[in-house]
1. Along the Cα→Cβ direction, 7 angstrom out, place labels at A:L231 and B:L276. What is the inter-label distance in nm?
2. Based on DSSP H runs of at least 4 residues, each adding -39500 (n - 2.57), what is the mean residue ellipticity at 222 nm of chain A after dividing by all its residues, to the nearest 500 deg cm²/dmol?
3. Using 0.36 nm per residue, how much length does the chain from A:I37 to A:D189 gain when fully extended, once their Cα-Cα distance is taken away?
4. For B:K178 paired with A:I120, estimate the spin-label separation in nm (one decimal), with each label point 7 Å from Cα along the Cα-to-Cβ line.
5. In nm, what is the difference between 0.36 nm times the number of residues separating B:L252 and B:T239 and their Cα-Cα distance?
6. Is the shape of the stretch A:141-204 best called rounded, prolate or oblate, per the rule: a/c under 1.5 gives rounded, else a/b larger than b/c gives prolate, else oblate, with a ≥ b ≥ c the square roots of the Cα gyration tensor eigenvalues?
7. Net charge near B:V64: determine it from the other residues with C-beta under 15 Å of the C-beta of B:V64, scoring Lys and Arg +1 and Asp and Glu -1.
8. Just report the Cα centroid separation between the stretch B:123-169 and the stretch B:192-233, whole Å.
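The values are calculated or read from the model by the stated rules, or taken from the named source; none is laboratory data. Since this is a predicted model, take the numbers as computed values, not measurements. We place every Cβ from the backbone using ideal geometry, glycine too, and count neighbours over all the protein chains shown. Areas reflect the complete protein model, heavy atoms only, side chains present, ligands, DNA and RNA absent. Shrake-Rupley method; radii C 1.70, N 1.55, O 1.52, S 1.80 Å.
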Amino acid sequence: MNLRGIRAIYIYEMNRSFRTLIQSLVSPVLSTILYFIVFGAAIGSRMENISNVSYGEFIVPGLIMLTVQMQSVNNASFGIYFPKFIGTTYELLSAPLSFVEIVIGYVGAATTKAFSIGLIILATSYLFVNIEIMHPFFMIFFLLLTCITFSLLGFIIGIVSDNFEQLNIVPMLIITPLVFLGGSFYTIDMLPVFWQNFALLNPIVYLISGFRWAFFGIGDVPIITSVIFILLFTSSCVGVIWYIFKTGYRIKN
Amino acid sequence: MSVIISVENLVKVYGNEFPAVKNLNLNINKGEIIALLGPNGAGKTTLISTICGLASITSGTIKVNNLDVIKDYRKTREIIGLVPQELALEPFEKVMNAVRFSRRLFGKKDDNVYLDKLLTKLQLFEKKNNIIKSLSGGMKRRVMIAKALSHNPQILFLDEPTAGVDVELRKDMWNIIKELKAEGVTIILTTHYIEEAEMIADRIGIINKGELLLVEEKNKLIKRMSVKTLKIKLKKTLTQIPKKLNKYNLKLIDEGNSFHYFYNTSKEKTGITSLLYDMNEIGINLFDIQTEETSLEEIFVKIIKD
């Protein structure tokens, strides 16, 4: 295995984030603080507790998921799309690197960034609410798996996209609505029955539910369902990437 | 000379389109400079891309150092450096970081002494901490070469290395290429500039419509294909070529003040002596003589046209 090659991609990607620290770190943290102020403090103070959890605390897992999913997708998709855009993928393809190593480099960096931001948001939330995490190890595991999965998804989007518009279409028009409607700010049973059933078609519901279970021991769906779902999601992304690299789709001429 | 790259029956088809490379066979010798000439879309870049791993192979085999470029891709790519045609660089990265990144991709340990030497050779040392975006086009071209050489390759592919660069820089590039050859690097370059191939290549390959039309040592090719022209300026004007000289296929020019005689130096007899003898016999006095040789460019055009 070309470990130096993987490390080179990883460090290069991380350095790119450090060069754009405001965009990479400050911006998502600021957005989350604004969500806390608006939903947690302003609106949340007038909301009833949900399953004995205050609304301010309740939205923490959803806010973390919202941010890490978007960050994972954006970082990974831009990470591989930018070399495609400026034409430097020739370097990756002509180097003694396997496709798995290329994916580990890019997805590893995107995962690290999203995971770090998730932890920073969690730390920031303690400025507003006092949360006790019921299953901390599971929380870390679930957060990490979500970051990896959405980074893989972002990598696929970056490979498939031909321009910046396409690069933004999936995150903006598909992932953002699904995340907002996936129970970040409410539980599914707060919806009318028809919409409850409809919401169960949204894959993000299972992820937020599982992550919330790690915090409070409560969720919209059983935890095992959430775990199976994310593992299926991860496997699907790995399968698509395997196909892309096997066929050279949108990578090799 | 031992063969370092061997291409056998290579076919490359993009999608359902016409094949970009058709059943191409080529051996490249260790330590030589081979120039691949051909018009746009001839298949030169496709050939390079298949050897370097940028494009998949439809059929055929490519071996580098006797190793298959697909099965043993790590070993074959380790010894290859590639400078593509387009200036493809991360604009916001520093020169040294970009070059170091390339070296690391090839699994090599950091070696600042080697990279400093390399940057010095390419006249980039003083720019090593500059952002690539701030460099001129010529400097960016040098950065591309530095990246390709960062892992100390034995083979260097240069795809149109001097396209769009000024004459001075082009000559600098030629010197760099000659220095690399002296260090034992095998160089494969594609170019539109015939003059470039004429100046630096050991062998010439001509590709057109995905087919390799010929590969030959440059000097032999020029000698074999070259037609020389003898221009004879006369003391007295002629209205027509005298009958005795008809066998020489002379061409009367300059309103009868001169004529052209075409001959080939690769043949045993050029016919010049007998022409001059016959001219003397019928009383035609010559005033001056000049010779002109066919350039590689003219040979190239003729081969492509044929």
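1. Between A:L231 and B:L276, the label points sit 9.4 nm apart.
2. Result for chain A: -22500 deg cm²/dmol, rounded to the nearest 500.
3. On the way: separation 152, 0.36 × 152 = 54.72 nm, distance 2.46 nm.
Taking 0.36 nm per residue and subtracting the Cα distance, the gain is 52.3 nm.
4. It works out to 5.5 nm between the two label points.
5. Values: separation 13, 0.36 × 13 = 4.68 nm, distance 0.86 nm.
Difference between extended and current length: 3.8 nm.
6. Values: a/c = 3.15, a/b = 1.72, b/c = 1.84.
Here the stretch A:141-204 falls in the oblate category.
7. On the way: positive: B:K30, B:K63, B:K71, B:R74, B:K75, B:R77; negative: B:E8, B:E32, B:D68, B:D72, B:E78.
Net local charge, B:V64 excluded: +1.
8. Cα centroid of the stretch B:123-169 versus Cα centroid of the stretch B:192-233: 28 Å apart.
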